[in-house]
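Heads up, the thing below is written out as structure tokens.
Rule-based calculations on the coordinates, nothing more; no lab input. Please read these numbers as outputs of a predicted model, since none were measured by experiment. Glycine gets a Cβ as well: all are built from the backbone with ideal geometry, and neighbour counts include every protein chain shown.
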Amino acid sequence: MDNIGEVLFLAKCMELGLVASRPFSACKYDFVVDNGNRLLRVQVKMTSSTRDTKSSGDVYVVKVANGSGSKRRYTKEQVDVIAVLCHPIGVWYIIPIENAGEKLSMYLYPHRSLMGDFSTGMHESFFNKWIHIVNPPSDKCNTKTQSEKPSKS
């Protein structure tokens, strides 16, 4: 694992009792997370890049796109969740791909969210929302059926 954000993501999954696996071939996601009901493809990003704004304090900027030349945003066919760590303050944003938006960059305001103000950015409602991994809404194509769950004998 070449990214400290990925190591910290794995540690948080272990803390929450989730099983996180790393693919061994090239994928658009960094981890497959098993929460006991579903398998989720998670792309992990970490940012320490900030810009000062006059009205909202520091804004953290993170690229949420793939590709080395021309960047393309992630799609629902590639990942289920984007997990963004704002470093060094240790705040996570857990964003379902359908809520990621159309832009290649996200602008996050963790300093305001830490104070309870979630009104500034488009993604502030996903501030530390691990529920989107621990117990996300069901998705028929990615939900284990009753027959697939181990029986209790």
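Just to verify a number: FRET efficiency for THR75 and ASP34, C-beta to C-beta distance, R0 = 25 Å, to 0.05? Approximately 0.70, to the nearest 0.05. For the range 4-137, the extents of the C-alpha atoms along the principal axes are 43, 36, 27 Å, listed from largest to smallest. Sequentially through the range 5-10, phi angles give Karplus couplings (6.51, -1.76, 1.60; θ = phi - 60°) of x, 5, 5, 5, 5, 4 Hz, Gly and Pro residues having no value and appearing as x. Full extension of the chain segment joining MET122 with ASN135 gains 2.5 nm, where the gain is 0.36 nm per residue of separation less the Cα-Cα distance.
For the range 1-95, the set of GluC sites (Glu not before Pro) satisfying both a DSSP loop assignment and a count of at most 11 other C-beta atoms within 10 Å is given as GLU77. Among the listed pairs LYS12/LYS63; LYS12/LYS76; LYS71/LYS129; LYS12/LYS71; LYS45/LYS129; LYS12/LYS129, those with a Cα-Cα distance over 20 Å are LYS12/LYS63; LYS12/LYS76; LYS71/LYS129; LYS12/LYS71.
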